[in-house]
Amino acid sequence: MADLFDQLNDDNRQRQLIAEGAVCLPGFALEYVPTILEALGPIVEQAPFRHLVTPGGHTMSVAMTNCGSLGWVSDRRGYRYQERDPLSDNAWPAMPEIFLTLAQKAASEAGYQRFKPQACLINQYLPGSKMSLHQDKDENNKAAPIVSISLGVSATFLFGGLRRDDPCQKLILQHGDVVVWGGASRFCFHGVQTLKDSEHSLLGRRRLNITFRQIY
DNA sequence: GAGTCGCG
DNA sequence: AACC
């Protein structure tokens, strides 16, 4: 009975406007999931997930890697995008065609037709992982949106305003959901609440978040 | 002094 | 609260 209710609920989830310029597209990535997971294998083999350190000296609970021509990194010196993986000094793995296609399709669906993603940040959340409220401010191109794909275990996404103390909306992001934000909401604070310990049939106890950004 | 993709 |  609960399963039936959940299923109906899922089917009824609709495109949701979060704020001006920000939208959630439930299940938008579902049809691409097998291809995405296949493409992720060689990426994490070449550039394994690692826990980055913030400029303040704290280790992030989320494990990260990148693909694409630029990757986001953090260390004691600050946040930045760079062409090479600091672990290997190699270029980041290429962005798979399907990633580019999906990111552009989602951006277009949200009203951003000129999105040219250069950076793809892949975040792995295990139970207990979280992402504190922050703004994405390291991109040179301030007009391009952010495209975020959720896979695996559901998480509560916090979407606030332009000031840290603005109230946050809570969105439950499920496997296959895509969130796009840009325009007036491009610099909204956002974060992810501590991942609870639960199991997803395809990905186990993990949540993967794949985000796309245009840097220049 | 200002800000914080972190912690208490 | 420490570090930039």
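The values are calculated or read from the model by the stated rules, or taken from the named source; none is laboratory data. Keep in mind the model is a prediction, meaning the values are calculated, not measured. Note that each Cβ is placed from the backbone with ideal geometry, even for glycine, and that neighbours are counted across all protein chains shown.
Tabulated data
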quantity	calculated
Lone qualifier among A:ALA106, A:ALA39 - being within 26 Å of A:GLY161 (Cα to Cα) and either in a helix (DSSP H, G or I) or touching a residue at least 40 places away in the same chain (Cβ under 8 Å) (or both)	A:ALA106
A:TYR112 vs. criteria more than 16 Å from DNA strand B (Cβ to nearest atom) and at negative phi	yes
Test: residue in segment A:46-59 that is surrounded by 12 or more Cβ atoms within 10 Å (Cβ to Cβ), among the hydroxyl-bearing types (Ser, Thr, Tyr), farther than 15 Å from A:THR211 by Cβ and at pLDDT 95 or above	no
Unique residue being at pLDDT 95 or above and either surrounded by fewer than 17 Cβ atoms within 10 Å (Cβ to Cβ) or of a type in the set (Lys, Arg) (or both) when the list is A:LEU102, A:LEU37	A:LEU37
A:SER61 vs. criteria touching a Ser or Thr at 6+ places or on another chain (Cβ under 7 Å), within 10 Å of DNA strand B (Cβ to nearest atom) and either at positive phi or not in a loop (DSSP other than H, G, I, E, B) (or both)	no
Pair list, Cβ < 8 Å and 6+ apart or interchain, from segment A:168-182 residues that are free of Cβ contacts under 8 Å to residues at least 24 places away in the same chain and under 13 Å from A:GLY27 (Cα atoms) to residues that are among the hydroxyl-bearing types (Ser, Thr, Tyr) and in a strand (DSSP E or B)	A:ILE172/A:THR156
Looking only at segment A:60-78, and only at residues there that are more than 21 Å from A:GLY191 (Cα to Cα) and surrounded by 15 or more Cβ atoms within 10 Å (Cβ to Cβ), the one that is farthest from DNA strand C (Cβ to nearest atom)	A:CYS67
Qualifying position, being within 16 Å of DNA strand C (Cβ to nearest atom) and either in contact with a strand residue (DSSP E or B) (Cβ under 6 Å, 6 or more places away or on another chain) or assigned to a loop (DSSP other than H, G, I, E, B) (or both), among A:GLY111, A:GLY27, A:GLY56	A:GLY56
Any hit, segment A:14-26, residues being more than 27 Å from A:GLY160 (Cα to Cα), away from DNA strand B (no atom under 16 Å from the Cβ) and surrounded by 16 or more Cβ atoms within 10 Å (Cβ to Cβ)	no
Residue tally, condition closer than 16 Å to A:HIS190 by Cα, in contact (Cβ under 8 Å) with a residue 60 or more places away in the chain and assigned to a loop (DSSP other than H, G, I, E, B), over segment A:121-138	4
Residue list for segment A:59-103, filter: in contact with a strand residue (DSSP E or B) (Cβ under 9 Å, 6 or more places away or on another chain) and charged (D, E, K, R)	A:ASP75, A:ARG76, A:ARG80, A:GLU83, A:ARG84, A:ASP85
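For (1) crowded, with 16+ Cβ neighbours inside 10 Å; (2) at pLDDT below 95; (3) assigned to a loop (DSSP other than H, G, I, E, B); (4) in contact with a Pro (Cβ under 8 Å, 6 or more places away or on another chain), each residue gets a yes or a no:
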| position | (1), (2), (3), (4) |
| --- | --- |
| A:PHE157 | yes, no, no, no |
| A:ARG163 | no, yes, yes, no |
| A:PRO167 | no, yes, yes, no |
| A:GLY176 | yes, no, yes, yes |
| A:VAL180 | yes, no, no, yes |
| A:THR194 | no, yes, yes, no |
| A:ASP197 | no, yes, yes, yes |
| A:LEU202 | no, no, yes, no |
